[in-house]
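A quick write-up on the structure given underneath.
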Amino acid sequence: LLKLVNELLDLSRIESGSDILKYQSARADELIDAAITPMLLQFEQKNITLETDIEKDIPELKIDANKIAWVLINLLNNAVRYSNEGGKILLGVKKTGRKIQFSVKDFGRGIEPQYLSRIFDKFVQVNSKNIESRNKGVGLGLAISKEFVNAHGGEIWVKSELHKGSEFFFTIPY
């Protein structure tokens with residue numbers, strides 16, 4: 001219940017514009033480190049291998065590093081949740097035009113087609129038989145991620161195929 005209330009408050013602050021972004025210069029590798037570190041125990045508990053592919057010479061970003069790290073952590077957390085024991089997650093960063101593109105790919109169950117158009121809406125949860133109910137979220141993480149990315153002038157989207165996994169992408173202009 002506390003998690004739900006906090007996420008609702010976060011979303012409300014973002015949507016109302018009262019959540020002021022604290023811009024600072026940040027490097028992509030710093031953001032990746034900030035996102036991976038709190039996830040290490042979860043990777044270990046499910047015996048998940050994390051592979052990173054960070055393109056060389058990524059320009060510094062002028063962002064609210066805490067918000068973008070939060071997005072990465074949320075995407076990694078979801079990838080762990082939907083991955084099978086002993087699975088693999090790929091985390092990528094590359095330059096595309098005047099934007100930096102981040103991606104998180106898992107090889108788990110994938111997202112059913114009927115959820116794809118609504119996955120970033122509030123309270124949308126993908127039903128899955130392989131997820132224990134105590135590990136389920138409240139359906140706000142991706143909605144909050146979308147708001148954080150949009151507030152930075154970026155975009156967020158997903159590609160998924162059933163039984164082959166999902167890949168979440170987001171871009172941030174530099």
The range 31-50: number of residues that are open to solvent by less than 80 Å² (accessible area, probe 1.4 Å) and part of a helix (DSSP H, G or I): 9
All positions within the range 81-105 that are under 22 Å from Gly154 (Cα atoms) and touching a helix residue (DSSP H, G or I) at 6+ places or on another chain (Cβ under 7 Å): Leu91, Val93, Ile100, Phe102, Val104
Top-ranked residue in the range 69-119 [being small (Gly, Ala, Ser) and more than 24 Å from Leu40 (Cα to Cα); ranked as modelled with the lowest pLDDT]: Ser117
Any hit, the range 156-165, residues being at pLDDT 95 or above, within 24 Å of Ile32 (Cα to Cα) and open to solvent by 50 Å² or more (accessible area, probe 1.4 Å): yes
Subset tally (residues that are open to solvent by 70 Å² or more (accessible area, probe 1.4 Å) and closer than 30 Å to Ala26 by Cβ) for the range 68-120: 6
Residue pairs meeting the criteria (Cβ under 9 Å; at least 6 apart or on separate chains; first among the aliphatic types (A, V, I, L, M), in the range 99-121; second open to solvent by less than 60 Å² (accessible area, probe 1.4 Å) and part of a helix (DSSP H, G or I)): Ile100/Ala28; Val104/Leu72; Val104/Leu75; Val104/Leu76; Val104/Asn78; Val104/Ala79; Ile111/Tyr82; Ile119/Leu142
Residue match in the range 11-28 (condition: within 19 Å of Ser145 (Cα to Cα), among the aliphatic types (A, V, I, L, M), open to solvent by less than 80 Å² (accessible area, probe 1.4 Å) and free of Cβ contacts under 8 Å to residues at least 12 places away in the same chain): no
Test: residue in the range 68-85 that is of a type in the set (Asp, Glu) and in contact with a Gly (Cβ under 9 Å, 6 or more places away or on another chain): no
Output for the range 53-66, where each listed residue is at pLDDT 95 or above and assigned to a helix (DSSP H, G or I): Ala65
Given (1) among the aliphatic types (A, V, I, L, M); (2) in contact (Cβ under 8 Å) with a residue 40 or more places away in the chain; (3) more than 25 Å from Ile20 (Cα to Cα), index of the condition Leu40 fails: (2)
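The values are calculated or read from the model by the stated rules, or taken from the named source; none is laboratory data. All of these numbers come straight from a predicted model, not from anything done at the bench. Quick reminder, even Gly has a Cβ in these numbers, built from the backbone with ideal geometry, and neighbours come from all protein chains shown. For the accessible areas, the whole protein counts, side chains as well, though only heavy atoms, and no ligand, DNA or RNA atoms are used. Shrake-Rupley method; radii C 1.70, N 1.55, O 1.52, S 1.80 Å.
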